[in-house]
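Report on the structure given below.
The values are calculated or read from the model by the stated rules, or taken from the named source; none is laboratory data. Owing to the predicted nature of the structure, the values given are computational and were not obtained by experimental measurement. Note: ideal-geometry Cβ built from the backbone for every residue, glycine included; neighbour counts use all protein chains shown. Side chains are part of the model used for accessible areas, which takes the heavy atoms of the whole protein and leaves out ligands, DNA and RNA. Shrake-Rupley method; radii C 1.70, N 1.55, O 1.52, S 1.80 Å.
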Amino acid sequence: MKILNFGSLNLDIVTRVEQFVRPGETVRARSQELRCGGKGLNQSIALARAGAEVWHAGCVGEGGEMLLNYLVDHGVHTDYIENILERQGSAFIQVTDTGDNSIILYPGSNECLTEAQVKDTLEHFGRGDILVLQNEVNLLPYIVDQAYRRGMIIVLNPSPYNERIAAVDLNKISWLFVNEIEAEQIAGTREALVTWEKLHTQYPKLRLLVTLGAGGSVCFSGDYANQQPPYPAEVKDTTGAGDTYTGYFLASLAGGKTLEEAMNIATMAAAISITRPGAAESIPGIEEVLACL
Ligand code: RIB
């Protein structure tokens, strides 16, 4: 079973501020750094750091060499990443003293996928292989349709949520990973159980994972449900914590762990990541995660 992640790669311009800047206000930054990010890249790094073999597909544009190198350095296969003449996608991130963030996304190269690239890439994958998707690239409905026809197991993290998700056929999705806000945007409620009941009725084959911040996470699969409490952590920067969870959870399942075990490992990995600055750079390795459990 192979894991393919068709996802974004962002240059994260991380600016630390005392508080988020307000309309009309100019504030002095405490620091500013250029880091590797993008929900796609972060999830590929988390999968790799958790011990999975992963192929990343997407587009790298001008200024994106450091992102490609970062994936290669972490053992992610980059055969299906295309180099294009477009500005690299980027994220302008404010991180406050409390570790909260706000993000402005510039899609750039991430929204330059073509149907030909999708088709050519998916030809290397088939029945039982896992496809991981987020909502920072174009052509999501097309990728889902093509992968479904090939019998792939499709995992969708519809983040950041926008109207484009409505065009994706959730009947073709095996796993949906959402936070409470995304649950409300999709199912009209932040209540995880109600979200599950609504989605399960409409899409009986779908499995659901909801991250609840301080409430931990909850997972539903058929008749099975499990709630995982969070691990306490000193928050420095929450950017990429959800991506860390997603990558670790999937790598654990692919590696034969139970849902309960996968949630536990993913929760610890995410807890460690928020004690460190950055998105991809904050993702711990599997030895460290297991040692902390
Ligand atoms: O999930 C965190 C990521 O969201 C950041 O790395 C940033 O690039 C944005 O896409």
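The criterion of being open to solvent by less than 40 Å² (accessible area, probe 1.4 Å), free of Cβ contacts under 8 Å to residues at least 40 places away in the same chain and within 16 Å of the ligand (Cβ to nearest atom) holds for Ser273. Filtering segment 30-42 down to residues that are within 16 Å of the ligand (Cβ to nearest atom) and assigned to a strand (DSSP E or B), which residue is nearest to the chain's Cα centre (by Cα)? Checked segment 30-42; the qualifying residue nearest to the chain's Cα centre (by Cα) is Gly37. Does Gly63 satisfy the condition of being open to solvent by 10 Å² or more (accessible area, probe 1.4 Å) and either within 16 Å of the ligand (Cβ to nearest atom) or under 16 Å from the mean Cα position of the chain (by Cα) (or both)? The answer is yes for Gly63.
Only helices (runs of 4 or more DSSP H) whose full extent lies in segment 122-222 are considered here, and the ones with at least 1 residues that are farther than 29 Å from Cys112 by Cα and open to solvent by less than 20 Å² (accessible area, probe 1.4 Å) are 180-187, 192-202. Taken over segment 104-115, the criterion of being open to solvent by 80 Å² or more (accessible area, probe 1.4 Å) and out of contact with any helix residue (DSSP H, G or I) (no Cβ under 9 Å at 6 or more places or on another chain) is satisfied by Ile104 alone. Contact annotation: residue pairs with Cβ atoms under 7 Å, 6 or more positions apart or on different chains, pairing a residue in segment 59-85 that is over 18 Å from Glu136 (Cβ atoms) with a partner that is of a type in the set (S, T, N, Q) and not in a loop (DSSP other than H, G, I, E, B), are Val72/Thr78.
For segment 96-121, a residue qualifies if it is in a helix (DSSP H, G or I) and either touching a strand residue (DSSP E or B) at 6+ places or on another chain (Cβ under 7 Å) or charged (D, E, K, R) (or both), and the qualifying residues are Gly108, Ser109, Asn110, Glu111, Glu115, Gln117, Lys119, Asp120, Thr121. Checking segment 21-29 against the condition returns a match, with at least one residue being touching a residue at least 40 places away in the same chain (Cβ under 8 Å) and either farther than 26 Å from Ala116 by Cβ or within 14 Å of the ligand (Cβ to nearest atom) (or both).
When segment 153-190 is examined, which residues are found to be among the acidic types (Asp, Glu), over 22 Å from Gln43 (Cβ atoms) and at pLDDT 95 or above? Passing the criteria: only Glu184.
Just to be sure, is Ser8 under 15 Å from Gly247 (Cα atoms) and either near the ligand (Cβ under 10 Å from one of its atoms) or among the polar types (S, T, N, Q) (or both)? So Ser8 passes the test.
Test each condition in (1) open to solvent by 50 Å² or more (accessible area, probe 1.4 Å); (2) modelled with pLDDT of 95 or more for Asp100 and report the one that comes out false. Failed condition: (2). If you go through segment 229-268 and keep only what is outside any helix (DSSP H, G or I) and surrounded by 21 or more Cβ atoms within 10 Å (Cβ to Cβ), you end up with Asp237, Thr239, Gly240. No other residue among Thr201, Thr189, Thr195, Thr239 is of a type outside the set (Asp, Glu) and within 16 Å of the ligand (Cβ to nearest atom) apart from Thr239.
Residues checked against (1) crowded, with 19+ Cβ neighbours inside 10 Å; (2) on the phi > 0 side of the Ramachandran plot; (3) in a strand (DSSP E or B); (4) touching a helix residue (DSSP H, G or I) at 6+ places or on another chain (Cβ under 8 Å):
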residue: Ser8; (1), (2), (3), (4): yes, no, no, yes
residue: Phe20; (1), (2), (3), (4): no, no, no, no
residue: Gly24; (1), (2), (3), (4): no, yes, no, no
residue: Val27; (1), (2), (3), (4): no, no, no, no
residue: Ser44; (1), (2), (3), (4): yes, no, no, yes
residue: Ala52; (1), (2), (3), (4): yes, no, no, yes
residue: Val72; (1), (2), (3), (4): no, no, no, no
residue: Glu86; (1), (2), (3), (4): no, no, yes, yes
